[in-house]
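Have a look at the structure below, then the notes.
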Amino acid sequence: MAKKLVAVIDIGSITARLKIFEISSKGRPKEIEAVRKIISVGTKSYITGVIAFDQVDEICECLQKFKIKCKEYKVDKIFCIATSAIRDAGNRDVVVEQIKTRTGFKVEVLDNSMERFYQNIAVKEAMPEFSELIKDGTMILDIGASSLQVTLYDKSDFIFSQNMVLGSLRIYEMLSDLQSRTSHYEDVLQEFIAQDLEDYHLVEPKGITYKSIVAFGGELGYIKALAGLDANSNCEITKAEFLKVYELLLKTRPSDLTLKLKIPSYIAPLLLPSALIIKNMLEYVGLEKIILPFVSLSDGYIYDYCEQNEGFKLSLSREDDLIRSARNVAKRYRSNKKHIDFVEKAAIEICDASSRLNGLSEREKLLLRLSAILHECGKFVHATGHNEAAYNLIRYTDLIGLDSEELDIVALVVRLYPKQNPYDNYYYQMLPAHKKVLVSKLTAIIRIADAMDSSHKQKIKEMSVTLHQDKLHISCEVTADMSFEEWSFEHRSKLFEEVIGVKPQIRFRRLQ
């Protein structure tokens with residue numbers, strides 16, 4: 001494969017960044033140029049809730065300059081992505097359309113889940129030791145301008161991830177008016193951050209012994225520089241070294257950071273909130289050092305692109321964390337593990353056997369697995385209307401690596417699978433045609449997979465699924481009477497026949 005150039009433009013809250021990558025013959029990206037320009041999108045939009053017209057002008061002017069740079073390099077493909085500043089704006093759709101009309105760039109506005117997904121990929125690829133690191137308890141802090149994402153790993157597994165509206169710029173904008181009204185601004189800042197972190201500690205998994213803490217974010221390069229480290233490399237900093245930087249930030253006004261230490265004026269006020277978050281978490285985990293990798297959202301985005309399109313292999317599976325995340329959500333809401341494991345396995349076997357007819361892609365098959373894992377989480381809230389409760393729980397859960405449309409599909413499948421006629425559901429009727437088809441297929445498979453363990457007793461010990469011309473034959477070896485499951489299967493199989501186009505039949509053989 002010939003080498004080619006691909007660019008990623010990241011429209012952030014404070015800066016817009018252009019990175020140009022060379023894609024090698026093995027599909028691996030190599031950064032060859034990086035440019036950034038200050039923009040003031042987040043400094044106003046987090047307060048007003050909208051992006052003003054003059055800010056749109058600023059964005060478009062910046063993008064036009066980036067376009068010229070890409071032409072100079074003869075870039076083959078350009079991606080333009082945006083995060084919280086545009087994502088959270090009430091007029092985001094108008095802004096995105098304006099940018100497209102005026103610059104030709106189609107902006108992809110990332111959900112929080114996908115933003116964190118790309119950041120996590122960047123960290124994993126930037127740290128060769130990552131897989132070794134997460135064998136023990138590891139906390140990862142993604143400190144953004146608008147929010148903080150805390151992700152936990154232990155015993156080489158993804159454990160938990162939680163988002164908090166606790167970003168450095170958002171904190172500064174919310175509390176900036178207090179600076180002129182109190183001489184104890186740092187104390188107020190500490191109380192504000194500590195309150196949100198206490199709420200986080202109430203929901204985080206207990207019993208993890210932390211051995212590592214990793215932090216990254218747009219301003220942390222300046223904290224590395226203040227500690228005498230290379231801002232553009234992966235670094236380790238001791239707690240003592242970090243506290244020296246923290247004390248400096250505590251005692252130095254942002255204007256003095258700019259005048260004396262040459263820190264940009266738009267960055268200087270954000271360093272103390274970021275440092276306070278790290279200090280609180282560092283003290284909480286009780287560790288003596290912190291790892292500060294040099295990563296960016298654009299890096300993660302290009303790595304993901306190269307895996308999907310250029311034959312590049314990520315160091316860790318892009319789907320493993322997503323599946324583990326769903327399992328942890330199910331566990332948090334006390335789902336019956338043996339039952340959901342059975343339904344997941346049965347759904348996959350039914351899907352694979354009928355693949356010639358169902359036409360599901362690998363990504364859609366992943367949505368099926370997630371639906372199976374989460375299909376009973378609503379029983380934690382309401383035993384009889386559990387599917388309605390699960391719909392709301394899932395929609396407000398961050399499954400890192402799943403965008404909002406995919407999350408809605410999973411939530412709707414879980415909502416519809418127990419219903420006799422899902423077509424009458426209001427939420428189903430509001431879907432575009434292609435999503436109706438997908439939701440119908442996933443719902444039909446989950447319905448019969450769940451029916452096969454209606455008693456939640458896992459009576460089926462072995463099963464084989466075979467597609468014939470006129471039927472899908474499911475043969476099961478069982479340990480007990482299956483009258484209830486057989487009745488349930490018969491009542492739930494009609495949708496499968498309508499949607500997939502073949503009648504499912506189940507047969508039981510009693511083990512002695």
Problem - Normalised contact order of segment 99-249, rounded percent, pairs of Cα under 8 Å and 6 or more residues apart - result: 20 percent
Completion exercise
Hits in segment 330-364: amide N under 11 Å from the 7 Å Cα→Cβ extension of Lys106, namely none
Practice task
Using only Cα atoms, tell me the angle between helix 433-451 and the longest principal axis of the chain; keep it within 0 to 90° and round to the nearest 10.
Solution key: 60 degrees
Problem - Cleavage-rule hits (trypsin sites (Lys or Arg not before Pro)) in segment 219-284: DSSP loop, at most 16 neighbouring Cβ within 10 angstrom - result: Lys262
Handout entry: the chain: angle of helix 92-103 to the longest principal axis, Cα-based, in degrees nearest 10
Key = 70 degrees
Practice task
Would you please name the trypsin sites (Lys or Arg not before Pro) within segment 1-31 that are DSSP coil residues with at most 11 other C-beta atoms within 10 Å of their C-beta?
Solution key: Lys3, Lys26
Practice task
Rounded to the nearest Å, what's the spacing between the alpha carbon centres of segment 95-147 and segment 310-384? Just the number, please.
Solution key: 23 Å
Practice task
Report the longest stretch of the chain that contains none of the GluC sites (Glu not before Pro) sitting in a DSSP loop with at most 15 other Cβ atoms within 10 Å.
Solution key: 320-512
Exercise for the section: Pull out the extension gain between Glu129 and Ser265, defined as 0.36 nm times the separation in residues minus the alpha carbon to alpha carbon distance; nm, one decimal. Expected result: 45.4 nm
Exercise for the section: Treat the count of other C-beta atoms within 10 Å as a stand-in for reagent exposure and order Thr443, Thr15, Thr101 from fewest to most. Expected result: Thr101, Thr15, Thr443
Fill in the blank from the handout: In order over segment 23-30: 3J(HN,Hα) from phi, Karplus 6.51/-1.76/1.60, θ = phi - 60°, whole Hz, x for each Gly or Pro, gives 9, 6, 5, 8, x, 7, x, 10
Problem - Relative contact order (%) - criterion: Cα under 8 Å, at least six apart; region: segment 427-488 - result: 29 percent
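Shape call for segment 51-204 from the C-alpha gyration tensor, a ≥ b ≥ c root eigenvalues: rounded (a/c under 1.5), prolate (a/b greater than b/c) or oblate?
oblate
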Exercise for the section: Assuming R0 = 25 Å, can you tell me the calculated FRET efficiency for the pair Gln429 and Tyr396, based on Cβ-Cβ distance, to the nearest 0.05? Expected result: 0.65
Fill in the blank from the handout: The size of the Cβ-based charge dipole (Lys, Arg +1; Asp, Glu -1) of the chain about the Cα centre, to the nearest 20 debye, is 880 debye
Completion exercise
With 0.36 nm assigned to each residue of separation and the Cα-Cα distance removed, Glu497 to Lys4 gains 172.8 nm
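Any chance you could tell me what percent of the C-alpha pair distances in segment 128-292 go past 24 Å?
Taking all Cα-Cα pairs of segment 128-292, the fraction more than 24 Å apart is 33 percent.
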Practice task
Calculate, in nm to one decimal, what Leu250 and Ala383 gain on full extension: separation in residues at 0.36 nm each, minus their alpha carbon distance.
Solution key: 42.7 nm
Practice task
Provide the per-residue ³J(HN,Hα) series for segment 276-286, in order, calculated from phi with Karplus coefficients 6.51, -1.76, 1.60 and θ = phi - 60°, each as a whole number of Hz, with x at glycine and proline positions.
Solution key: 5, 4, 4, 4, 4, 6, 5, 5, 5, 7, x
Handout entry: Within segment 148-167: backbone nitrogen closer than 16 Å to the Leu316 label point (7 Å, Cα to C-beta)
Key = 149-162
Fill in the blank from the handout: Note on the chain, DSSP bridge orientation, antiparallel percent to nearest 5 equals 60 percent
Completion exercise
Computed from the beta carbon distance with a Förster radius of 51 Å, FRET efficiency for Glu288 and His468 to the nearest 0.05 stands at 0.20
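Where a number appears in this text, it was derived from the coordinates with a stated rule and is not lab data. Values in this document were obtained by computation on a predicted structure and should not be read as measured data. Note that each Cβ is placed from the backbone with ideal geometry, even for glycine, and that neighbours are counted across all protein chains shown.
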